[in-house]
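Structure record follows, encoded as structure tokens.
The values are calculated or read from the model by the stated rules, or taken from the named source; none is laboratory data. The model shown is predicted, which means the values in this text are computed figures rather than measured ones. Ideal geometry is used to build each Cβ from the backbone, glycine not excepted, and the neighbour counts take in all protein chains shown.
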Ligand code: PEP
Ligand code: MN
């Protein structure tokens, strides 16, 4: 069902103001974690003015250590809903387990399936059953075939609203947190009709590498971006080192528009 051989026309996923796979580049921006209502509301208003169409922010956080901040959970979802009301942005947030799907679906516009859960088949099916737009992140050790077959689990439940997100993979290279393989963008777009989003924040782990790799993703044909933005990245509760400021995001948006026009 993800194959272009069976469906040559491209899928456009729409969720409120967010559109992925259409003519314009869709941009999902926001902090790694939702920290407080004033943080997320204030940032959402700024990001909407700068041209983002979606707001990201984790309320359920898949942290490497069980002792790290795990997210504000339902309170975080309520803060995201307040940010949508204030900014008009579509809310993109992660759901980590099948039994969380109804609650997250009540507040979010797009259900994010994280890299660590790409092959959690029960979760994929639950997101499929919800009928909600979904953003599936590539597992950090998943091949392209495994990635597309994971998307197939959602599509097979009758939910066609699926976006694929390249977020980087594990390699021997350790100068970046992950390795961001941008060839997957034209490859996925050749194989599949689903929109392709690139996450240069997790893909590099380094804030100064985010703007150039975001632009490279657009040049490679990506339908959209997911970028971590925080007012004070050094104080962010998670992923600060890969997070850019609103000022850098503004520059990135201006350059992204120029590249998108040229592609
Ligand atoms: C995230 O988007 O904050 C996240 C946890 O991403 P990933 O699942 O790609 O690591
Ligand atoms: Mn993050």
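Using beta carbons and a limit of 7 Å, which pairs, at least six apart or on different chains, have the first residue in the range 157-179 and closer than 27 Å to residue 7 by Cβ and near ligand 1 (Cβ under 10 Å from one of its atoms) and the second one at pLDDT 95 or above and part of a strand (DSSP E or B)?
From the range 157-179, the pairs are 165/135; 165/136; 165/137; 165/197; 165/226; 166/196; 166/198; 167/137.
Kindly check whether there is at least one residue in the range 70-92 that is part of a helix (DSSP H, G or I) and within 30 Å of residue 173 (Cα to Cα).
no
Which members of the range 45-61 meet the condition of being more than 14 Å from residue 226 (Cα to Cα) and either buried (at least 24 other Cβ atoms within 10 Å of the Cβ) or within 16 Å of ligand 1 (Cβ to nearest atom) (or both)?
Hits for the range 45-61 are 59, 60, 61.
Here is a list of conditions, (1) crowded, with 17+ Cβ neighbours inside 10 Å; (2) free of Cβ contacts under 8 Å to residues at least 40 places away in the same chain; (3) not in a helix (DSSP H, G or I), and residue 126 meets all of them except one; can you say which number that is?
(3)
Among the residues of the range 89-108, is there at least one that is within 16 Å of ligand 1 (Cβ to nearest atom), farther than 28 Å from residue 187 by Cα and free of Cβ contacts under 8 Å to residues at least 24 places away in the same chain?
Checked against the condition, which is being within 16 Å of ligand 1 (Cβ to nearest atom), farther than 28 Å from residue 187 by Cα and free of Cβ contacts under 8 Å to residues at least 24 places away in the same chain, the range 89-108 yields no hits at all.
Determine whether residue 227 is in contact (Cβ under 8 Å) with a residue 40 or more places away in the chain, farther than 23 Å from residue 101 by Cα and within 16 Å of ligand 2 (Cβ to nearest atom).
In short, yes.
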